[in-house]
Amino acid sequence: MKSPLLSLPGAVPAEGVDEGVAAHYGDLFREQRALADGAGFVDLSHRGIVAVSGADRLSWLHLLLTQHVADLPAGEATEALVLSANGHIEHALYLVDDGTTVWAHVEPGTEGALIAYLESMRFFYRVEVEDRTDDFAVIHLPAGSIAEAPEGVAVRETPYGRDLFLPRAELEAYAERYGPAAGLLAYEALRVEQHRPRLGFETDHRTIPHELGLIGSAVHLQKGCYRGQETVARVQNLGKPPRRLVFLHLDGSEVHLPAAGTELRLAADGDDGRKIGFITTAVRHHELGPVALALVKRNVPVDAPLLAGDTAAAQEIVVEP
């Protein structure tokens, strides 16, 4: 779905899974600095939106998700996962209940599969699941923003900013009132700085929540049974995850950023060393320079210099080994 905000001056379309919104509006670092200062907004209208209404919505979702939502207060933001039977991450939901409906935004293109799963588990519960992507759009206001949310709009308030579930027809009017807009590359640079993993970027077909540091923020350890809980409990109580998320400072003298999937090796082993991980997201940050998130094997020494392809990289711990 193509955003009408791509008609704003300087808009350059994003590619890949983020196609449909602007990657930037002509000045990546200015847009980053504006967001860091609490100004402007980010168009996330390409993300899927799922709404769950009905008297049993919270108790029903509580049975299916990794998060404790049975008593979720209206207006309190949270996030949750749907896991496979083996505990691998399949969906990530960023949600809030407005008192009558749970609103969740999800990765672009995943809403159909998520809704199909939810519908298969509805049984006799008094719930209604709807795809509202055509009617509503996510607008992100950065932390510190004084912009107002229109009356009646569901809002997710988090330490990183506010997500508004705005009627899609109001996107252009909102942009005119609360601009300037910042592109997705600026948003992604701050996401990487904040060590926040993203489904499909920091995950693959075998990722479990512990590897990304999602225990607590998206996975509640003292709630009832849900699909994949056995793996979560076993790793939490008896072992360690096979991989861990790290934050990397990349050599700033390189012209190009390493692409997602670039293999990581110990610098001491050189180009012929064995693969010990891979880049998941690499960005240019307005203060930190080139940085990245990556997944590495748990036993990689935390102080070991790495190579991302030909690019030198130094680790910061995100998930403890």
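Worth pointing out:
- Placing unit charges on the Cβ atoms only, positive for Lys and Arg and negative for Asp and Glu, gives the chain a dipole magnitude near 940 debye about its Cα centre.
- When the solvent-accessible area of region 1-71 is split by element, carbon and sulfur atoms take up 54 percent of it, the probe being 1.4 Å.
- Cα gyration tensor, region 165-298 - rounded (a/c under 1.5), prolate or oblate: oblate
- Loop-located chymotrypsin sites (Phe, Trp or Tyr not before Pro) in region 117-223 (DSSP state not H, G, I, E or B) with no more than 12 neighbouring Cβ atoms inside 10 Å: Phe123, Phe124.
- The dipole here belongs to region 245-321: it is taken about the Cα centre, uses +1 on the Cβ of Lys and Arg and -1 on the Cβ of Asp and Glu, and is about 280 debye.
- Charge dipole (the chain, unit charges on Cβ, about Cα centre) - positive-most of Val17, Gly239, Tyr174: Gly239
- Taken about its Cα centre, region 38-92 carries a charge dipole of about 80 debye when Lys and Arg each add +1 at the Cβ and Asp and Glu each add -1 at the Cβ.
- For region 1-89, trypsin sites (Lys or Arg not before Pro) meeting the loop criterion (DSSP other than H, G, I, E, B) and having at most 14 other Cβ atoms within 10 Å: Lys2.
- GluC sites (Glu not before Pro) within region 110-204: DSSP coil, no more than 11 neighbouring Cβ in 10 Å: Glu148, Glu151
- Selection among Leu28, Gly112, Ser217 by position relative to the dipole of the chain gives Ser217 as farthest towards the positive end (Cβ unit charges, Cα centre).
The values are calculated or read from the model by the stated rules, or taken from the named source; none is laboratory data. Note that the structure is a prediction, hence the values are computed from the model and not measured. Methodologically, a virtual Cβ is constructed for each residue, glycine included, from the backbone with ideal geometry; neighbour enumeration extends over all protein chains shown. Ligands, DNA and RNA are stripped out before the accessible areas are found, and what is left, the full protein with its side chains, is counted by its heavy atoms. Shrake-Rupley method; radii C 1.70, N 1.55, O 1.52, S 1.80 Å.
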